[in-house]
Amino acid sequence: MRTSDGTPITLTIGDRVIGGTLHGNPAASALAQQLPLTLTFEDFNAVEKIATLPSPLPMTGMPAGADPEIGDIGFWAPGGDLVLYYGEVGYWNGIARLGTFDDVAAIQALTGTFTITIATA
């Protein structure tokens, strides 16, 4: 389903479902076409959870970098990683902001490696 505000998605971790939205930019649209995906995430630098995507997203038409906000879903192009931001990282070249997720505290609380299934809502 597509709305004027973006594509609604769900992030499922065990029996918990977190809502989110993908933006309408080229990289986010390419991610939406890959869904559903089950990815293995881990913590990175105590500010983000990362997982390697099976296929990289296009950066054509995207800004050179971004300063993601807490609660953003991003793509780290140099590593091919999907990123869930729960802390401040600042501006980095190679970051694309793809969308947002609703429950920052739930994502931050996850430890070790864990899987999340991301699907359109």
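Taking region 92-108 as the range and being closer than 16 Å to Ile50 by Cβ and not in a strand (DSSP E or B) as the test, the residues that pass are Gly94, Val104, Ile107, Gln108.
Among the residues making up region 27-56, a single one is hydroxyl-bearing (Ser, Thr, Tyr), free of Cβ contacts under 8 Å to residues at least 40 places away in the same chain and within 20 Å of Leu110 (Cβ to Cβ): Thr52. Looking only at region 42-50, decide whether some residue is touching a Lys or Arg at 6+ places or on another chain (Cβ under 8 Å) and modelled with pLDDT of 95 or more. Checked region 42-50: at least one residue is touching a Lys or Arg at 6+ places or on another chain (Cβ under 8 Å) and modelled with pLDDT of 95 or more. The combined condition, being over 17 Å from Tyr86 (Cα atoms), among the hydrophobic types (A, V, I, L, M, F, W, C) and buried (at least 20 other Cβ atoms within 10 Å of the Cβ), is fulfilled by Ile9.
Conditions tested, residue by residue: (1) in contact with a Leu (Cβ under 6 Å, 6 or more places away or on another chain); (2) surrounded by fewer than 20 Cβ atoms within 10 Å (Cβ to Cβ); (3) assigned to a strand (DSSP E or B).
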| position | (1), (2), (3) |
| --- | --- |
| Met62 | no, no, no |
| Pro68 | no, no, no |
| Thr111 | no, yes, no |
| Ala119 | yes, yes, yes |
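Pairing each residue of region 57-72 that is closer than 19 Å to Ala32 by Cβ with any residue that is surrounded by fewer than 16 Cβ atoms within 10 Å (Cβ to Cβ), provided the two are 6+ apart or on different chains, yields C-beta distances under 7 Å for Pro58/Pro26; Thr60/Pro26; Gly61/Pro26; Met62/Pro26; Ala66/Tyr91. Listed conditions (1) more than 13 Å from the chain's Cα centre (by Cα); (2) under 19 Å from Ile9 (Cβ atoms) are all met by Leu53, apart from (1). Note on region 1-25: residues that are without any contact (Cβ under 8 Å) to a residue 60 or more places away in the chain and either of a type in the set (A, V, I, L, M) or in contact with a Ser or Thr (Cβ under 6 Å, 6 or more places away or on another chain) (or both) amount to 1. All told, Leu82 falls short of being in a loop (DSSP other than H, G, I, E, B) and either surrounded by 15 or more Cβ atoms within 10 Å (Cβ to Cβ) or on the phi > 0 side of the Ramachandran plot (or both).
The values are calculated or read from the model by the stated rules, or taken from the named source; none is laboratory data. Please read all numbers here as calculations on a predicted model, not as lab measurements. Neighbour counts are summed over all protein chains in view; Cβ atoms, including those assigned to glycine, are modelled from backbone coordinates with ideal geometry.
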